[in-house]
Amino acid sequence: MLDYSKMLQDEQSRTDISVGDRSILFRTHNLQMQSSLLDGKYPIPDNLASKAVTTVMMLDSVMFLQALERVCLLADKSHVVRLSIIRENTILLFSKTTEIGDVSEELIVNALNGNEITIFFNGKYMMDILQSMGSRQVIVKFSGRWSPIIIQPDNSPETLYILTPIKSNS
């Protein structure tokens, strides 16, 4: 509903909401959005978090967020960001668009243990996670290039966020 409200240009318009068994429809003047409940098995978060972690890094969450904002500023609508470990304490965030070009940002990490990794993810989703945390430090765990990314605030080890990587040939 929040995304829908952001698209509204006229705050005074009436919004009709229709709820079905497996869907909900929002309709306002000349804008409508439908959301449907999908069938299927969803991954159990405990299983995702307990996978063998191959790489762990700890970063300043504000610095990470600001670097992502700069990189995503020029990313195309998919918000795809590539994260690569380039040195023992440095990561590179990278995005590109065909119209504008490439943008990259190097970021020093506070701690980095494990294997080198290059992984792609939706930068907007990562920014949403970082903005909701309220933690000065963030722990990011990788279990491989195609496995979900685990993000934890350092001040709340029982809290975890899961971000699915994006498959890319870049």
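Side notes on the structure shown:
- Contacts under 6 angstrom Cβ, first residue in segment 77-101 being assigned to a loop (DSSP other than H, G, I, E, B), partner at pLDDT below 90 and exposed (fewer than 15 other Cβ atoms within 10 Å of the Cβ), 6 or more apart: Ile100/Leu74
- Residues within segment 66-92 that are within 17 Å of the chain's Cα centre (by Cα) and surrounded by 18 or more Cβ atoms within 10 Å (Cβ to Cβ), tallied: 11
- Residues that are under 15 Å from Tyr161 (Cβ atoms), among the aliphatic types (A, V, I, L, M), out of contact with any His (no Cβ under 7 Å at 6 or more places or on another chain) and buried (at least 16 other Cβ atoms within 10 Å of the Cβ) do occur in segment 37-49, at least one of them.
- If only residues of segment 113-139 that are without any contact (Cβ under 8 Å) to a residue 60 or more places away in the chain and either among the β-branched types (Val, Ile, Thr) or not assigned by TED's automatic domain parsing to the domain that holds Leu68 (or both) are counted, the one that is farthest from Leu73 (Cα to Cα) is Thr118.
- All positions within segment 62-76 that are without any contact (Cβ under 8 Å) to a residue 24 or more places away in the chain and within 20 Å of Ser132 (Cα to Cα): Gln66
- In summary, Asp128 fulfils each of the numbered conditions (1) assigned to a helix (DSSP H, G or I); (2) at pLDDT 95 or above with the single exception of condition (2).
The values are calculated or read from the model by the stated rules, or taken from the named source; none is laboratory data. Computed from a predicted model, the values in this text were never measured in an experiment. Heads up, the Cβs are rebuilt from the backbone with ideal geometry, glycines too, and the neighbour counts pull from every protein chain shown.
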